[in-house]
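Here the structure comes first, spelled out in structure tokens, and everything after it is commentary.
The values are calculated or read from the model by the stated rules, or taken from the named source; none is laboratory data. From a predicted model like this one, the values you see are computed outputs, not experimental measurements. All Cβ positions, even for glycine, are placed from backbone atoms using ideal geometry, and neighbour counts span all protein chains on display. Each accessible area value is taken on the protein alone, full model and side chains, heavy atoms only, with ligands, DNA and RNA left out. Shrake-Rupley method; radii C 1.70, N 1.55, O 1.52, S 1.80 Å.
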Amino acid sequence: MKIDLNGPWKFKKQGNPETMKATVPGCVHTDLLDNGKIEDPHFRDNELQLMWIGESTWEYSRTFIVEEKLLEYDCVILKCLGLDTLASIKVNESLLGKTDNQFRVWEFDIKPYLEIGSNTLEICFESPFPRVNRAQEKRFLNQTGLGHHRIDGGNRIRKSPCNFGWDWGPMCITAGIWRTIEIVGCNDARLLDIQILQEHGKDQVLLKIVVETELFKELDLSTRIEMLKEGQQISVEESKITGRQTSLELLISSPCLWWPNGMGEQTLYQISIQLLKKNHVIDEQTKTIGLRRLFLETKDDQWGQSFQFVVNGKPFFAKGANWIPADTFVTRVTDEHYEFLVKSAADANMNMLRVWGGGIYENDSFYEFCDQYGICVWQDFMFACSAYPAFDAEFIESVGKEAEENIKRLRHHPSIALWCGNNELEQISEILLGEGVGKMTWEEYKFLFDDVLQSQVEQFDPQRNYWPSSPHSPIGNRLDHNNPSHGDAHLWDVWHGRKPFEWYRTCEHRFNSEFGFQSFPEPETVFSYTSEEDRNITSFVMEHHQRSPIGNSAIIDYMLSWFLMPKNFEMTLWLSQILQGMAMKYAVEHWRRSMPRGMGTLYWQLNDCWQGPSWSSIDFLGRWKALHYMARDFNAPLLVSAVENPDNLSADIFVTNDRLKAAEGELISTLFDTTGQLLHSESTRFQANAQESIQVSRIQHVTKVNSRCLLLRLELQENGQTTSTNVSFFERPKHLILKDPELKTSVQEEDDGSYTVTITAKSPALWVWPEYSGGDASFSNRFFHIFPDQPAACRIYPSQAADYEEFQKSIVVRSLWDTFSDSGSLSRMHS
């Protein structure tokens, strides 16, 4: 029996008599917004006027009805799946318990406090600041970013670290009931946990299942396990309950395996677990699993030690990004938005996301969508860029339980690939680790991350790997955190170190789990958090939303290195996205060419938690940036790319094949001048073995030509179908002698209400993107190149129905030319 306590509640600020309506799950900021008590924290600099929210104590309450039947149950518990964070819980004015960890599930025996009829539940959320300030005064522990959009003390409480601010998000100290809350009545026994281990043999998989139960009395009980695929029973087994743990086995013949995106199908099975008393079901759970072997392989090789993920016996190149919370107020993230973001990763040919350690252990639906779309998950524990009180026994006990609960919650997901202890503590060791004020000692560090967390993984998820930190060098000195011979690397020489994009081509690291470059969101997103007077990138509001200390200046510095000065504010925003895409293209293409020495690229970052300039490829409102469209190309399973030599106008052409089978076809290499004149074209037969990257050609223009006028277009064809294209330059784009491409478009209405826009150019048009002013829309393609006699098509899906004439008036098509030139028309329509 369950009583759902989600839904309407009441809340108030402690000491204030005014009571307001609240929604659970939720948080105090969203409740204040819904009551019209505060302005949007994401708009302009409103955040600065709302610090008092996190400094206050908040009281939530509701009534609920208890029937006599509930009190007849053997066990009645209040189950809180998430309380943020320092909570005191009262039932009918009696203290039930206190909590101090946002990431845990809290259960309390509520039966002695209940009355038949109306009951009152009160949860008081204390401000974290008195507690964390006392702890910091006793022994100060350092964090990065203090004094720059980051509040001190987040490392002294088990609460989402980025709540206290980060270099891409606001400082909003939340409080509230952030996950489901319910009362559960149980008789006789209940299911606590199910562990499912897999042993793969030849054309069969043996599932070893351990069912953990809590028994309230001595009874003759049994458990029944049923495995289903698409609703059809595959296997079933039953066993008597003989204690707290019961073991069963299921044998699956001719299994359908689960594969990462691009490698095969994501077949899922359902495991139904029932607890039976005389064939009557008294409790049940369902787990969705995938049959696969997925692990991190580190073995000695000719370059040092590998760092590669292996699935079903096949090493694969990890392509993806880092994931942060998808909203400052995570309770607003819907299942639909989770699916959109995960599907967007899959659509960009990604196969891995790293859930970064400064956010939250994500909602179940996030991992379910990763299972469905074949996105492997590198899962950090929630520790990032801070020293932690590993000397505190209560802290360690809480962390141990936090790890156990989240491992048990997530371990059945086929998408989980790795558990990682923390983000960047070893990389930032000079201020976090060792001897001295503000540091945790190496002994304390190793106790928490080498012993406590590793032992939890080994005990509760023994078939997955544990990695203590990212980045981490497993051989020799741990301070050598970005060693190119082994381990994973966070490479920030481009951006923080101001190295040129070409620097990426000198890197020979084994796995690149962080690297990135910023851009602004597109104009419509910027308009959502600014007023008209703010729309200059050096305005107070634009700089307030820029959380990287070097942010806007770095964007402009790199932009002027690569492109002509943009002509206005909006073109600066768009051009920053092209710049960001170029940076990541340089990096990812190089590391994919280096396969199998390098076996992974996870750029920073996939998504945003609010509107502002950041490293994301999808902005907070769900709009793909130029980078995300480009990522779909540079992550393509079969990729053509070039390494240019401007000195002699030559280029080495590479084909990278991530597929599990060989690829062969035609490589067409074409040199154009910037007016569109064909200078040279050649076709080369290529063959690339499965999971191989090889040089297949070298092209060189032998006649005298100005490098500022030269463009190289590459195209791979298989059976006459184009599978990859690319364009290379021999000068930075600002020095190319471009002409007005004189873009023209034609529009075709489709049966589903979308429109196909076909675009032609009189001369080469670089980074072409259509815009739609009739409201929100999604685009099949943007930021592509068009050459004369090679039209390109884009499918546009308006969010609201638009008739043909209305749609036609709302379309404009731009290219790099339009970022700096006022000549030429941006939109030439004809039916």
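Taking square-rooted eigenvalues a ≥ b ≥ c of the alpha carbon gyration tensor, is segment 672-831 rounded, prolate or oblate, where a/c under 1.5 means rounded and, failing that, a/b exceeding b/c means prolate?
Oblate.
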Kirkwood Rh and Cα Rg combined as Rg/Rh, segment 196-270: 1.07
For segment 243-306 versus segment 1-74, the gap between their alpha-carbon centres in whole angstrom: 38
Sparse-neighbourhood loop sites, trypsin sites (Lys or Arg not before Pro) in segment 1-60 - DSSP loop, at most 10 other Cβ within 10 angstrom: none
Value of relative contact order over the chain, rounded to a whole percent, pairs C-alpha under 8 Å and six or more apart: 9
Reachable lysines from LYS809, criterion Cα separation under 22 angstrom, eight or more residues apart if same chain: LYS744
Label-to-label distance, nm, for residues given as ASP364 and GLU692 (7 Å Cα→Cβ offset): 4.6
Accessible area per residue, Å², the chain with all protein chains present, probe 1.4 Å: 38
Overall Cα dimensions of segment 430-579 - principal axes, largest extent first, Å: 57, 37, 34
Point-to-point label distance, ASP789-PHE540, nm (Cα→Cβ direction, 7 Å offset): 5.9
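Only four residue types carry charge here, +1 at the Cβ of Lys and Arg and -1 at the Cβ of Asp and Glu. Report the dipole size of the chain about the Cα centre in Debye, rounded to the nearest 20.
Details: 81 positive and 115 negative charges, 256 e Å.
Dipole about the Cα centre, nearest 20: 1220 debye.
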Structure-based [θ]222 nm, the chain - -39500 (n - 2.57) summed over DSSP H runs of at least 4, per residue, nearest 500: -5000 deg cm²/dmol
Cα centroid separation, segment 178-223 to segment 499-540 (Å): 47
Loop-located trypsin sites (Lys or Arg not before Pro) in segment 557-600 whose Cβ has at most 16 other Cβ within 10 Å (DSSP): LYS567
Which listed pairs, of LYS69/LYS277; LYS299/LYS446; LYS314/LYS585; LYS21/LYS111; LYS90/LYS343; LYS287/LYS343, have C-alpha distances above 30 Å, in listed order: LYS90/LYS343
Residue order for ILE234, ILE282 - accessible surface, 1.4 angstrom probe, largest first: ILE234, ILE282
Anisotropy class of segment 160-238 from Cα gyration tensor, a/c 1.5 cut: oblate
Intensity falloff of segment 32-172 expressed as log10 I(q)/I(0), Debye formula with alpha-carbon point scatterers, at q = 0.10, 0.16, 0.17 Å⁻¹: -0.46, -0.94, -1.01
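How big is the Kirkwood radius of the chain, worked out from every pair of different alpha carbons and given in Å to one decimal?
So the Kirkwood estimate lands at 28.9 Å.
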The chain - percent of accessible surface contributed by carbon and sulfur, probe 1.4 Å: 45
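Are there GluC sites (Glu not before Pro) in segment 72-113 that DSSP puts in a loop and that have at most 15 other Cβ atoms within 10 Å, and which ones?
GLU93
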Kirkwood hydrodynamic radius (C-alpha pairs) into Stokes-Einstein, segment 751-791, 20 °C and 1.002 mPa s, D in µm²/s: 185
Residue-level accessible surface for ILE811, protein heavy atoms, 1.4 Å, Å²: 10
